[in-house]
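The values are calculated or read from the model by the stated rules, or taken from the named source; none is laboratory data. Predicted model, so just to flag it, every value in this text is computed and none were measured. Positions of Cβ are backbone-derived with ideal geometry, glycine not excepted, and every protein chain shown enters the neighbour counts. Ligands, DNA and RNA are stripped out before the accessible areas are found, and what is left, the full protein with its side chains, is counted by its heavy atoms. Shrake-Rupley method; radii C 1.70, N 1.55, O 1.52, S 1.80 Å.
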Amino acid sequence: QRISELEPALRLIGIVEKEHKSAPNPWTRNLLENLPGIGGTFVKASIADRLVGCGVLCYDGETQLALALGHAGDVPNVYFQLIYAGLQEAFEKHVCRLRWGSGAYAVKRRLGFELEHNNYLVVHGSNRVYRGFASLVKG
């Protein structure tokens, strides 16, 4: 099924990207437009007819991945509603792992989430200094 609130969802996702000083993801529109084809779920929180929160749940085996989260900055507790919707679907689908990222971790910790310590470091840059640093630490 198509997402009827595509433009409002993209605005909410943009709010979160700005809030976290993240570059806009160029694939977000395509993700939302093609969600039925990948078996993902659009979760949303609304007040009356106003979309105030949204996100995408995708699956890799028994792992739920939360992507493209968005919320209106002026409505409290929207993030909890999205997490609860994700948890409900995870229980229904017998999911073993939730990958919801490390952002808003204080909220997630209160719900029982734990940070995954995967010991990854990502360094990216076209500058020779960055490339030299990366070659020193990768080993």
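Okay, here's what the table says:
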item: Residues of segment 82-97 that turn out to be among the acidic types (Asp, Glu) and without any contact (Cβ under 8 Å) to a residue 24 or more places away in the chain, as a count; result: 1
item: Selection count where residues are open to solvent by less than 30 Å² (accessible area, probe 1.4 Å) and touching a helix residue (DSSP H, G or I) at 6+ places or on another chain (Cβ under 8 Å), scope segment 59-94; result: 6
item: Tyr79 of a type in the set (Phe, Trp, Tyr), modelled with pLDDT of 75 or more and more than 21 Å from Leu12 (Cβ to Cβ); result: no
item: Residues satisfying the stated conditions in segment 52-78, i.e. in contact (Cβ under 8 Å) with a residue 12 or more places away in the chain, out of contact with any strand residue (DSSP E or B) (no Cβ under 6 Å at 6 or more places or on another chain) and of a type outside the set (Gly, Ala, Ser); result: Tyr59, Glu62
item: Residue selected from segment 1-18 under the condition among the basic types (Lys, Arg) and at pLDDT below 95, by the criterion farthest from Ala72 (Cα to Cα); result: Arg2
item: Scan of segment 1-29 for residues that are among the small types (Gly, Ala, Ser) and part of a loop (DSSP other than H, G, I, E, B), ordered by number; result: Ser4, Ser22, Ala23
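For (1) free of Cβ contacts under 8 Å to residues at least 60 places away in the same chain; (2) open to solvent by 60 Å² or more (accessible area, probe 1.4 Å); (3) polar (S, T, N, Q), each residue gets a yes or a no:
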| position | (1), (2), (3) |
| --- | --- |
| Pro8 | yes, no, no |
| Val16 | yes, no, no |
| Asn30 | yes, yes, yes |
| Gly40 | yes, no, no |
| Val43 | yes, no, no |
| Ala48 | yes, yes, no |
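Table: residues versus (1) modelled with pLDDT under 90; (2) under 24 Å from Arg11 (Cβ atoms); (3) not in a strand (DSSP E or B).
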| residue | (1), (2), (3) |
| --- | --- |
| Gly55 | no, yes, no |
| Leu65 | no, yes, no |
| Gly70 | no, yes, no |
| Asp74 | yes, yes, yes |
| Ile83 | yes, yes, yes |
| Leu87 | no, no, yes |
| Phe91 | no, no, yes |
| Gly103 | yes, yes, yes |
